[in-house]
1. Which residue, Gly469, Gln452, Ile438, has the largest displacement toward the positive end of the dipole of segment 272-511 when charges sit on each Cβ (Lys, Arg +1; Asp, Glu -1)?
2. With charges only on Cβ, +1 for K and R and -1 for D and E, what is the dipole size of segment 272-511 about its Cα centre, in debye, rounded to 20?
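Throughout, read-outs are computed from the coordinates displayed, never taken from laboratory work. All of these numbers come straight from a predicted model, not from anything done at the bench. When we count neighbours, we look across all protein chains shown, and the Cβ atoms used for this are built from the backbone with ideal geometry, even at glycine.
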Amino acid sequence: MGTETKLNSYKENTTATTGSVFRPKVAHNGSSATAIGAGVGQKLHSSNGALNSKQQQHSDITNGSSVTPVFVPIHIGDDVISGAKEVLKVIRPQWNISHVQFKKFTDGITNKLVGCFYNPPQTTTTTTTTNNNGNEIDTGSAYGNDTPHSPSTLASSTLLDDNNDSGNISDTDTLDSEVTTSSALDIDTSHNASCAVNTKDESHNNSSSFSDSNVALVRVYGNKTDLLIDRKAETRNILLLHTYGFAPTLFATFKNGLVYDFVPGVTLKPTSVLEPKIWRLVATRMAEMHRRVQVQETIAAEVVPMLWHKTQSFFDLVPERFSDPEKHKRVEETFLPIKRLRDEFNALYRRLERLGSPVVFAHNDLLLANIVYLEAEQRVNFIDYEYADYNFQAFDIGNHFCEFAGVDEADFSRYPKRDFQLAWLRVYLQEYLQRTDITDAEVERLYLQVNQFALAAHMLWTVWSLIQGEHSNIDFDYVDYAHIRYAEYKKHKSVLGLEDEAAAEDDVAAAS
């Protein structure tokens, strides 16, 4: 679920300019508005978009070169704007803080995020030309060469947000009180040529992207989220995935957070994820990640899927008595003592291990708000790698299918039907296996694995929700969400015909 996930909605107002909103994470292939400073020397597979000649030139740059993140030794408290300013003084000393606008993303369910938009005054020059009669005419104004950098393609009409903390923009939240600015400037609505256009195939041999980006996202970790997330591993994952072109430039870390770059696009909705032009990109992108990404230290070692140890660590964090008596009453009958749920998961895991799903480097939290679609370039990218780790291939896919339901108004009737899944999985296998002659038997085998691993996804996020219900101070009903996911777990298990098998296994265990 990610500690900044379930309400991460990042939309752009497409009536403005394509790519007019920034999304933290992945570099894109293309020649229009794309990630600033997120490039890397990796060639794109043809199934996820062709390279033009300019992009091909960038792909020849040394692979893996990127900005080294700075550590800023501060702790940001409740006043996240003031804290963000202190961080910017260190990592953007060239910015005049009076020309920075701050967008607080306050409705996410665990972390706090602030978008920092550098918007210095613009100078303009008037261009004249001579017509056929020899008279000078005004042909309009343009930014002068001395114009400071400004946020590219951040139209004020798109600075809207709906219940998220990922620094992502949508169309249901106004800027108004959520923006703090020490000047009367409006956010620039134009493209600025000085903002670099980078692709997945670009890399940087210096820190130009570090100094040129006019937008930075400051993320302050949520209360007690260090119990759920290995923050050092998260930082390593972002750096690793950036070298493959799957994550954004990480500008800095501080005692309780990160600062990183943005990427344009629109996050998916339960409707858009069903569009063939989009789901094919998602399937291909996931397969590409599973196929290519490898942690150096594990190349010669046996990799261990995170599902077992992560879920067990979550079980360890669920209290036997919740501090809020009302919450305790709501969870007691269904979930406590937590050993009952743990035993259920342990039996499930033994079954899943026997399915033979490959272990790959997985996202593990691919809800719709963690997928960014850039229509102009027909590309998708994934964001929020807090749970990225080696895991079963079928878990990553099954978890994604579960997330078709949405979050704030979860509707699991949206779980994809068999025909849709088979088509999706065939596209995935074509990229993952690097061949087009995928057999029906191969697709069917993956289909069976995915739908059983979906049970593990329901269980993981059920337990996650119980922990958040105890510790989070965000206004979100985690206990209700835990009940929703667990009810769906039981329903899905029954649909798969695994209830009788589980009962038989319990009998065997009791007899022994």
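1. Ile438
2. 500 debye
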